[in-house]
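The values are calculated or read from the model by the stated rules, or taken from the named source; none is laboratory data. Since this is a predicted model, take the numbers as computed values, not measurements. In this analysis, Cβ positions are derived from the backbone assuming ideal geometry, glycine residues included, and neighbour counts consider all displayed protein chains. Areas reflect the complete protein model, heavy atoms only, side chains present, ligands, DNA and RNA absent. Shrake-Rupley method; radii C 1.70, N 1.55, O 1.52, S 1.80 Å.
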Amino acid sequence: MRSGILLAVALLPALASPSAGALGTDVVTTTSTTTTVPPCPGGDADCDDGDACTLDTCAGSDGCRHEPLGVDAVRSAIDRALAGDVCAGESLPPIVPALAQRARTLIDRAAAETNPARASRLVRTAIQRLRRSARRAAAAGAHDRISGGCAGGLGAALGTAAARAGCLLPETVSAAPFACLAGRGPLVTLRGTRSTEYSNRSLAPGTRIDARAATFLASSSSHYPISLDGGSDICLAGGTVRGQYDRSLDWATMHDMNNAGAAFASPTTVDGIRVDDVTDGLRPRGIGPFTIRNAWLSYIRDDCVEDDHLEGGVIEDSLFDGCYVAISERPSASIGGDGRGQLVVVRRSLLRLEPMPGPRNGSRSELGNGEFFKWSDGATDLALYDNVFMAEKVSQGGPDTMGIPAPLAGCARNVVVWLGPGSYPAPLPACFRVTRDRAVWDAAVAGWKRRHPDVGR
């Protein structure tokens, strides 16, 4: 048998973080070798690239290093979850640690496996066990068998372990649009123009939905053009959702319709979707984590991403070109929940607030917008890397709502394009810089569209 190094060699090609392509001198292209950046005065924290699949360290005068994670990092993450420090003194349902321990055993078997295909299968099964363990922990928290802090913290630890295990799979390397179709689960192909909802609440684990040739018309008779639930690791690739709503409707009218471009209630990757003119763009509404990448959203009348179920997840390389609110984590009393201990990462994305007709608490003749982050005390942790934000008006909620939720779990190289009067209306962390140059946003959008020619127009 070969050593545990085999898995990393067989399954982990060198990773690279694509450049945001829009931040001028602030952009750093990250590779698995030393990068050409200035020395990192803040140590390893200055080198965090927001990529779960790299170990980020400061190499002194040589700058930052971003090394691919290997099998030992996966073992360590599972061991930390099994230690259960966040649940000290509480009695876990036996199935929760049992599933995590089975995942640990599967990772050990994968590390010793000489056949890369069999090693990949073992890793995928380990990921499924970790996610099942996290779901059982969440259910125990929902039924008050363990505390919310225990359920949230343990879920986050298991989610981290599953994400690290995913780094061992060859397909994890590709972030090109529709890459999730490379999976091996059942394939559903959707084509043509649909005026009725596509709803499937019993998807098998790993199901791939190829919607690249499909257009979905959102209307008062089709509030959720795409609605998904079922097993984990669902892939929704492509699809164009076009709202048929009067674009002059006010915020309250759109909000009361309670619609969304796509809603999904199990761990799902939404890859390369196009959504325009709906109340909420994308709505995770069950058990995470979720992944949103290569998505283009525009004229979203409320939340571009409504994460009011407080799921952890990743939003990457996406264009939100016209949101009333960019990301919401403010659940209603009927939803409740506690996202603390889970993490939402936003990286290499473009997010613009668009003044829209009849804003909340405004007149019908007025144009107004909300904030970038509509947050609550129970919201997830947040990390922001290499993003461009743009706003031209203060939120209807006032200047204080234009800030960034604190404390951040990680943050680097973000830009705000502010086109309103005076200085930016709220304090920003040191990982942000502000410019009044509209060309920064325009160049970033043009670059994104150039790099995503296959995402619906």
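Assorted remarks:
- Summed residue charge, Cβ within 14 Å of Thr189's Cβ, Lys/Arg positive, Asp/Glu negative: +3
- Computed lengthening from Ala252 to Asn115, 0.36 nm per intervening residue step minus Cα-Cα distance: 43.6 nm
- Under 13 Å, Cβ to Cβ, from Leu82 - net charge with Lys/Arg +1 and Asp/Glu -1: +3
- Mean residue ellipticity (222 nm) of the chain, computed from DSSP H runs ≥ 4 via -39,500 (n - 2.57), nearest 500: -7500 deg cm²/dmol
- The stretch 90-135: relative contact order as a whole-number percent, Cα under 8 Å and 6+ apart: 48 percent
- Carbon/sulfur fraction of accessible area - the stretch 53-98, other protein chains in place, 1.4 Å, %: 53 percent
- If you take the Cα centroid of the stretch 226-278 and the Cα centroid of the stretch 159-220, the two points sit 14 Å apart.
- Each of [x] 1.04; [y] 0.96; [z] 1.01 is a candidate for Rg/Rh (Cα atoms, Kirkwood Rh); the one calculated from this structure is [y].
- DSSP-assigned coil residues among trypsin sites (Lys or Arg not before Pro) in the stretch 199-253, each with at most 13 further Cβ atoms within 10 Å: Arg247
- Distance from the alpha carbon centroid of the stretch 60-124 to that of the stretch 303-330 works out to 29 angstrom.
- Per residue solvent-accessible surface (Å²) - the chain, probe of 1.4 Å: 40 Å²
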